[in-house]
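Here the structure is laid out as structure tokens; the discussion comes afterwards.
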Amino acid sequence: MSLLVTGIGELVTNEPSTPGAEPGPLGLVRDAAVLIEGERVAWAGPAARAPAADSAVDAGGSAVIPGFVDSHTHLVFAGDRSAEFEARMAGRPYTAGGIRTTVAATRAASDAELRSRLAGFVRELHAQGTTTFEVKSGYGLGVAEEERLVRLAREVTAEVTFLGAHVVPPEFDGDADAYVERVIGPMLTACAPFARWIDVFCERGAFTVGQSRRVLQAGADAGLGVRVHAGQLGPGEGVRLAVELGAASVDHCTFLTDADVAALAGSDTVATLLPGVEFSTRQPYPSGRRLVDAGATVALASDCNPGSSFTSSMAFCIAVAVRDMGLTPAEAVRAATAGGARALRRDDVGVLRPGSRADLVRLRAPSYVHLAYRPGVPLVDTVWIGGVPV
Ligand code: NIG
Ligand code: FE
């Protein structure tokens, strides 16, 4: 069965070689159509040249974009930290110390509770146009506890990240090295079968660059891809470690030195910006412009978690990245789709071209620009995942 989505006023394909596309990285086609066959895109281009299909839907002149690819979330957790947010807005600084609050609540929660919260988040993501998402562990911090989190995450996404090295749990206070041994030993063995990625929080107050290197190396040796949290609370060596190890992505990048930017620009490591974090912690916004101008690949992600950024809205991230990080609307939309896909080393999502997954979003707007122009307004109309409306 084939379905033609036609009457698209403005189609973002992220594929410059699309028939009829205007010049530029968005591969923008006006008066466009997309042919879906099964769960894949079979064709995209000007509606006037569209092939015949079994059925058709009319997008009524609205914009259609690839589904958002949110390459960074921490969605398996329990508890609530709204009081911490409230205190921050009154001037208290963010520290990673709050992570332990969530660890305690998560350890105390049943599988059923975690599963039901996760299902709620998945509905929330889909309703907002996110069609591919990564989920990290990191609120268990014990062998059985982390195994449980990656197992539950694996029920909702293939993009699971083992983040046993999030912070040192209370049982290992004052002995981070012993905790690292636990992470790279039995915890990694238990978690690797459910995970595609390994991650570490390389930051003062979390793990040193030496400890981070050991964690990432062990994960890579176990067959996991590498991603890194770095440069969130201050500059450090984490970004360059990520580049050196060929990480798919280094995330936060709030504080970057010129050497970090140069290293990113000369590498395949994506710089993933998390605007929700600066928004929710009152940290300074990093310049996305500086990264793009240097030649680095930039992604936008929500970092949805109960502490530093409790938003799951990629549209919100786009709006903030345009308003406060110096990205153009086109760059921000690309970073939230193709950029996220690159950060997950996926070439079947974040793009609409023959063979890609039919994950697309019809906006209640004539242009992708409205995602930044109309902040806070729910513009997502229809969402197709694998060719099926959700
Ligand atoms: O990505 N930076 C470390 N981890 C999370 C925050 C987790 C929390 O505060 O609970 C982050 O921002
Ligand atoms: Fe994070």
Let me check against my output: what whole-number percent is the relative contact order of region 160-305, with C-alpha pairs under 8 Å and at least 6 apart?
17 percent
In nm, spacing of pseudo-spin labels at A56 and A222 (7 Å Cα→C-beta vector)
5.3 nm
What ³J(HN,Hα) values, in whole Hz, does the Karplus curve 6.51 cos²θ - 1.76 cosθ + 1.60 give for region 58-70 when θ = phi - 60°, with x put for Gly and Pro?
9, 7, x, x, 7, 7, 10, 10, x, x, 5, 10, 8
If you count, for each residue, the other Cβ atoms within 10 Å and average over each peptide, how do 115-121, 293-299 line up from highest to lowest?
293-299, 115-121
Per GNM of the chain with C-alpha springs under 10 angstrom, the most fluctuating residue out of A341, A330, A109 is A109
Helix-only mean residue ellipticity at 222 nm for the chain, each DSSP H run of n ≥ 4 adding -39500 (n - 2.57), per residue, nearest 500
-9000 deg cm²/dmol
FRET efficiency for E37 and D80 from the Cβ-Cβ distance with R0 = 56 Å, rounded to 0.05, comes out at 0.80
Cβ-Cβ FRET estimate between D258 and D175, R0 fixed at 45 Å, reported to 0.05:
0.80
Mind listing the phi-derived Karplus ³J(HN,Hα) values for region 216-228, rounded to whole Hz, using 6.51, -1.76 and 1.60 with θ = phi - 60°, and x for any glycine or proline?
5, 4, 5, x, 4, 5, 8, x, 8, x, 9, 9, 9
Output for region 244-332: trypsin sites (Lys or Arg not before Pro) sitting in coil per DSSP, at most 14 other Cβ within 10 Å, listed by number, reads R282
Determine the shape class of region 331-390: with a ≥ b ≥ c the square roots of the Cα gyration tensor eigenvalues, call it rounded for a/c under 1.5, and otherwise prolate if a/b is greater than b/c, oblate otherwise.
oblate
To the nearest 0.05, what FRET efficiency results for A158 and A112 with a Förster distance of 22 Å applied to their C-beta separation?
0.45
Please determine, in degrees from 0 to 90 and to the nearest 10, the orientation of helix 99-108 with respect to the longest principal axis defined by the Cα atoms of the chain, where the helix direction is its Cα long axis.
90 degrees
Taking the chain as a Gaussian network, where each spring joins two C-alpha atoms under 10 Å apart, which residue of A33, A59, A144 fluctuates the most?
A144
Most fluctuating of V160, V143, V135 in the GNM of the chain (C-alpha, under 10 Å) is V143
What do you get for the angle between helix 143-154 and the principal long axis of the chain? Use alpha-carbon atoms, 0 to 90 degrees, nearest ten.
0 degrees
Length added when fully stretched, M1-A127, from 0.36 nm per residue minus Cα-Cα
42.9 nm
Length gained if S17 through T95 is fully extended, taking 0.36 nm per residue and subtracting the Cα-Cα distance, is 23.5 nm
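Work out how much length R289 to T189 would gain on full extension: take 0.36 nm times their residue separation and subtract the Cα-Cα distance, in nm to one decimal.
This chain segment gains 32.0 nm when fully extended.
Bear in mind these aren't lab numbers, they're just calculated from the coordinates by the rules spelled out. The model shown is predicted, which means the values in this text are computed figures rather than measured ones. Virtual Cβ from ideal backbone geometry, glycine too; neighbours counted across all protein chains shown.
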